[in-house]
Amino acid sequence: MIEIDRESITPMYLQLASALRERIRRGEIPIGRRIPSHYELEQETGGVVSRRTIKSAIETLQAEGVVRGVQGKGVFVIAKPDAPQPPDGPEGDRSAE
């Protein structure tokens, strides 16, 4: 089940993209594997998100180079997402040094 917080200030499509990105990062959806279909994602979110929201989440992952759509086949993982960075970037905040 994918948890989507309807009350969050983070848009639902970004919450969904983050959940998929995390599944890919953890290897639950390995490189070369198809991600769940729009219908499957709709079911996994308990019907909370629309197909347009799902499409926006997938477009976000495509723009990041994590997934690629193949006409008539689905959307496939092509790369692992970058590891999350600390809020101040990879080196941390060094302005106080």
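Observations on the structure shown:
- With respect to being hydrophobic (A, V, I, L, M, F, W, C) and within 21 Å of Lys80 (Cβ to Cβ), Ile24 fits the description.
- Every residue from segment 12-35 that is touching a strand residue (DSSP E or B) at 6+ places or on another chain (Cβ under 6 Å) and open to solvent by less than 50 Å² (accessible area, probe 1.4 Å): Ile24, Ile29, Ile35
- Breaking point among (1) open to solvent by 60 Å² or more (accessible area, probe 1.4 Å); (2) in a loop (DSSP other than H, G, I, E, B), for Gly65: (1)
The values are calculated or read from the model by the stated rules, or taken from the named source; none is laboratory data. Treat the numbers as computed from the prediction; the structure is a model and nothing was measured. Cβ coordinates were reconstructed from backbone atoms using ideal geometry, including for glycine residues, and neighbour counts include every protein chain displayed. With ligands, DNA and RNA removed, areas are computed over all heavy atoms of the protein, side chains included. Shrake-Rupley method; radii C 1.70, N 1.55, O 1.52, S 1.80 Å.
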